[in-house]
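Have a look at the structure below before the remarks.
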Amino acid sequence: MYEEAAARPRPPGREPVRTGVGTAFGTFGELLQGQLPEGDRDFLVTLPVARWTMATFRTGSASGGIEVRPAHKTKALRLARMIAEEAPPGVGRARGGVLTVSSVIPEGKGLASSSADLVATARAVGRALGVPMPPARIERLLSRIEPTDGVLYSAIVAFHHRTVRLRAVLGALPAMAVVGIDEGGSVDTVDFNRVPKPFTPADRRAYADLLGRLTEAVRTHDLAEAGRVATRSALMNQRLRFKRSLDPMRAICCEVGGLGVAVGHSGTTLGILLDATDPSYTRRVTAAAQACGELTGGAPGGGVEVYRTLSFRTAGGSLSEPVPVSEPVGEGAW
């Protein structure tokens, strides 16, 4: 999926300019994150939301190398260079290229911004250079860079983020809204995952039970159970990344009739899950946003954001790239 420069005579041997575009969604933290008994394997379960990264790669650059814009997207630059090394001759590899990464996903908050940047980049560069990018190849490349969320799959998935391997495609849930707040600051995912986790054998068994419950909840579209699992996971994560707002957010969730509280386990965000198909949705989301606004006040994290989860068309979770959608009127900052 690439475009060639406008047709016009070109000197013999000169390669056409090729452009590839790729997208990837972010997540609102995770529905569940922990460690399983077998091999002490770290895992997470994604909560995809309609916030996007788009990457564009155009072959050819003034320097003859690969450049990235904005310049701080160094992980995406490293990935682009890795893919170029695997490209066949004659598709712009020798002349470099320019990678442009555009995202509305805040960085360092636990919303999979870095993962989305990398997945979008892999798709864009692969398309421009004629390098197929099936999930297995993307996983292999990303495993050389950093722990990664499972945002390359158009589904809710259980994913081994430290080894960058899919565990299972769970499927999709009915649409939810997440009324989210940010406690401020940022977290480096690589540093967070270097810290040993003090999980006991009992903890690992508990996480295995939660994964089983969540797998069944997704299969049966049981939002209430998904919310209970998310809340339990958030509470268990307090030892690793304490969030001072978790108890107040749980109280607000109860007051407005929410499903539960999801958090960025390695980030700074917390959010109240609401059933977007509930006839009382408008009243509930308004009440939750107002209460969250009162909770945060003038805190460094800023205002309240309302996110919409992605409900994928295929119940089993297509492995194809999802198409960005416009957010419903009324979503966003409050």
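The values are calculated or read from the model by the stated rules, or taken from the named source; none is laboratory data. Note that the structure is a prediction, hence the values are computed from the model and not measured. Cβ placement follows ideal geometry from the backbone for every residue including glycine, while neighbour counts extend to all protein chains displayed. Calculation scope for accessible area: heavy atoms of the full protein, side chains included, ligands and nucleic acids excluded. Shrake-Rupley method; radii C 1.70, N 1.55, O 1.52, S 1.80 Å.
On the stretch 127-261, 52 percent of the accessible area sits on carbon and sulfur atoms, based on a 1.4 Å probe. Between His221 and Arg137, the FRET efficiency from the beta-carbon distance, with R0 = 35 Å, is close to 0.65.
The ellipsoid that matches the Cα gyration tensor of the stretch 123-202 has semi-axes, each √(5λ) in whole angstrom, of 25, 19, 16, with the longest given first. Surface calculation, 1.4 Å probe, protein heavy atoms: Leu235 sits at approximately 50 Å² accessible.
Simple spin-label estimate for Ala62 and Glu255 gives 5.6 nm between the two label positions (7 Å along the Cα-to-Cβ direction from each Cα). Computed from backbone phi, the HN-Hα couplings of the stretch 163-175 come to 9, 6, 9, 5, 9, 6, 8, 8, x, 9, 10, x, 4 Hz, rounded to whole numbers (Karplus: 6.51 cos²θ - 1.76 cosθ + 1.60, θ = phi - 60°; Gly and Pro given as x). Accessible area ranking (1.4 Å probe, heavy atoms, ligands and nucleic acids excluded), largest first, for Asp278, Asp247: Asp247, Asp278. Think of the stretch 208-255 as a dipole: +1 on every Lys or Arg Cβ, -1 on every Asp or Glu Cβ, centred on the Cα centre; then among Leu211, Ala224, Leu235, Leu235 lies furthest on the positive end.
Once you order the gyration tensor axes a ≥ b ≥ c over the Cα atoms, which shape class does the stretch 187-289 get: rounded for a/c under 1.5, otherwise prolate or oblate by comparing a/b with b/c? Oblate shape, in that a/c is at least 1.5 and b/c is the bigger or equal ratio. Treating only the Cβ of Lys, Arg, Asp and Glu as charged (+1, +1, -1, -1), what charge dipole size does the stretch 120-181 show about its Cα centre? Round to the nearest 20 debye. Here the size comes out at about 220 debye. Across q = 0.18, 0.21 Å⁻¹, the stretch 61-217 modelled as identical point scatterers on its alpha-carbon atoms has Debye log10 I(q)/I(0) values of -1.22, -1.45, in the order of the q list.
Rounded to the nearest 10 square angstrom, Glu38 shows an accessible area of 80 square angstrom against a 1.4 Å probe. Listed by chain and number, the lysines whose alpha-carbon sits under 23 Å from that of Lys243, ignoring those within fewer than 8 places in the same chain, are Lys109, Lys197.
The local environment of Leu246, defined by Cβ-Cβ distances under 14 Å, has a net charge of +3 under the rule Lys, Arg +1 and Asp, Glu -1. Specify the inter-centroid distance of the stretch 222-289 and the stretch 146-175, based on alpha-carbon positions, in whole Å. Cα centres, the stretch 222-289 to the stretch 146-175: 20 Å. According to the Cα-based calculation, Rg over Rh for the stretch 26-147 is 1.02, with Rh computed by the Kirkwood formula. In this structure His221 has an accessible area near 100 Å², from a 1.4 Å probe over the protein heavy atoms.
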